[in-house]
DNA sequence: ATCATGACCATCC
DNA sequence: AGGATGGCCATGA
């Protein structure tokens, strides 16, 4: 791959602390490409095959919905992983999303 | 350059 | 509430 764009995405996703989640849009924005939110999600398709594997389960859409759960090995894996991180998932969406939301901007701080 | 494909987002109905 | 539409943009053929 070597695509710089994906690397940036992975870099941020890997920085997500345990028990926290973020949104595709937020990541895109921190990359300076707010409109490229789709690309973030697109990049996540390679998350499972990326070399340090990225915690894609900590990335949800702007509503805290587990949109990409079906892209995991098993659809149940995502919420299961989140549950282990102390993140409650109800009806495919993050409970207390605003509370567990992690802002990438705070870690980028360029 | 053009077309098709999205793990998105906002808006409209 | 839930479906449809358009926009946006990187990637690969």
With respect to residue A:48, determine if the residue is under 24 Å from residue A:8 (Cα atoms) and over 11 Å from the mean Cα position of the chain (by Cα).
yes
Of those in the range A:41-68 that are assigned to a helix (DSSP H, G or I) and touching a helix residue (DSSP H, G or I) at 6+ places or on another chain (Cβ under 6 Å), the residue nearest to residue A:98 (Cα to Cα) is A:57
In the set A:29, A:18, the lone residue that is more than 16 Å from DNA strand C (Cβ to nearest atom), closer than 23 Å to residue A:107 by Cβ and more than 11 Å from the chain's Cα centre (by Cα) is A:18
Going through the range A:1-26 in order, the residues found to be more than 9 Å from DNA strand B (Cβ to nearest atom), in contact with a strand residue (DSSP E or B) (Cβ under 9 Å, 6 or more places away or on another chain) and either farther than 22 Å from residue A:73 by Cβ or touching a residue at least 60 places away in the same chain (Cβ under 8 Å) (or both) are A:12, A:16, A:20, A:21, A:22
Conditions (1) more than 6 Å from DNA strand B (Cβ to nearest atom); (2) within 11 Å of the chain's Cα centre (by Cα) -> residue A:88 fails only (2)
Matching residues in the range A:53-96 (free of Cβ contacts under 8 Å to residues at least 24 places away in the same chain, surrounded by 15 or more Cβ atoms within 10 Å (Cβ to Cβ) and in contact with a strand residue (DSSP E or B) (Cβ under 7 Å, 6 or more places away or on another chain)) number 1
**Message:** Yes or no: the range A:69-85 includes at least one residue that is in a loop (DSSP other than H, G, I, E, B), more than 12 Å from DNA strand C (Cβ to nearest atom), within 17 Å of residue A:5 (Cα to Cα) and under 13 Å from the mean Cα position of the chain (by Cα).
**Reply:** no
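Bear in mind these aren't lab numbers, they're just calculated from the coordinates by the rules spelled out. Fair warning: this is a prediction, and the values are worked out from it, not measured in the lab. Cβ atoms come from the backbone with ideal geometry, glycine included; neighbour counts cover every protein chain shown.
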